[in-house]
1. Would you mind stating whether A:I49 is surrounded by 14 or more Cβ atoms within 10 Å (Cβ to Cβ) and closer than 23 Å to B:V3 by Cα?
2. Against the conditions (1) closer than 30 Å to A:L32 by Cβ; (2) among the basic types (K, R); (3) not in a loop (DSSP other than H, G, I, E, B), where does B:K41 fall short? Just the number, please.
3. Of the conditions (1) in a strand (DSSP E or B); (2) out of contact with any Gly (no Cβ under 7 Å at 6 or more places or on another chain); (3) hydroxyl-bearing (S, T, Y), B:S5 fails just one. Which one is it?
4. Would you check if A:V107 is in a strand (DSSP E or B) and farther than 30 Å from B:E59 by Cβ?
5. I'd like the full set of residues that are in a loop (DSSP other than H, G, I, E, B) and surrounded by 17 or more Cβ atoms within 10 Å (Cβ to Cβ), limited to the range A:76-93.
6. If we only count strands (runs of 3 or more DSSP E) wholly inside the range A:33-75, which ones have 1 or more residues that are more than 19 Å from B:H106 (Cα to Cα) and either free of Cβ contacts under 8 Å to residues at least 60 places away in the same chain or among the small types (G, A, S) (or both)?
7. Among the residues of the range B:78-116 satisfying the criterion of being assigned to a loop (DSSP other than H, G, I, E, B) and of a type in the set (A, V, I, L, M), which is modelled with the lowest pLDDT?
Amino acid sequence: SQQGEEDPQALSIQEGENATMNCSYKTSINNLQWYRQNSGRGLVHLILIRSNEREKHSGRLRVTLDTSKKSSSLLITASRAADTASYFCATDSNNRLAFGKGNQVVVIP
Amino acid sequence: GAVVSQHPSRVICKSGTSVKIECRSLDFQATTMFWYRQFPKQSLMLMATSNEGSKATYEQGVEKDKFLINHASLTLSTLTVTSAHPEDSSFYICSALLQGPYQPQHFGDGTRLSIL
């Protein structure tokens, strides 16, 4: 069943700006993961944040997790044209991933 | 590391044909693989969990006789769409799981299936 649910958004930003996406879920999780998907391709893992972590960084990516609100956010700083893609959050419950609806991000050079 | 190869990338065939899709973990062993389905502009829906050496676990609403899964080795899982019909046209994606706690899934590049 779908658990991760992003605010269904299509973000269009200028290169160099930051992009923020949010995700909410409904049940308990082991961890939450963010993935990226280029058009017509498979998914690339970006960040995994455990249920006992609140924030995690990886390069230009910053993920937060608020288990009390059952929500997460992904921030991409200093965006580049190559960041244009769809971004999905996924909740992990016993290795079964439930994906959100995804956010389409377009970075304009 | 952790590369997953999915083949074929694109299939176009007539209604009634059975189609087999392969998912291989190239540089690691995967006791567990997953099969997803994605319709245009929608999210991924988990279809089944493929377990090496045992029967696959199907999600509710997924017909096991329609979508046959075989995971005969630690590096290969196959999904066969039997007697495919136009409504089976979709993007099918597999993933493989590294052993150990807090491991992400590693995805293949997907198979675009078009049934005429």
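The values are calculated or read from the model by the stated rules, or taken from the named source; none is laboratory data. Source: prediction; values computed, not measured. Cβ placement follows ideal geometry from the backbone for every residue including glycine, while neighbour counts extend to all protein chains displayed.
1. Against the criterion (surrounded by 14 or more Cβ atoms within 10 Å (Cβ to Cβ) and closer than 23 Å to B:V3 by Cα), A:I49 qualifies.
2. Failed condition: (3).
3. (2)
4. The answer is yes for A:V107.
5. Selection gives A:S79, A:T84.
6. Those strands (runs of 3 or more DSSP E) span A:55-58, A:61-66.
7. The selected residue is B:L98.
Every residue, every condition in (1) surrounded by fewer than 19 Cβ atoms within 10 Å (Cβ to Cβ); (2) within 12 Å of chain A (Cβ to nearest Cβ); (3) acidic (D, E); (4) touching a residue at least 12 places away in the same chain (Cβ under 8 Å), yes or no:
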| residue | (1), (2), (3), (4) |
| --- | --- |
| B:D27 | yes, no, yes, yes |
| B:T31 | yes, yes, no, yes |
| B:K41 | yes, yes, no, no |
| B:N51 | yes, yes, no, yes |
| B:A56 | no, no, no, yes |
| B:S73 | yes, no, no, yes |
| B:S77 | no, no, no, yes |
| B:A84 | no, no, no, yes |
| B:S90 | no, no, no, yes |
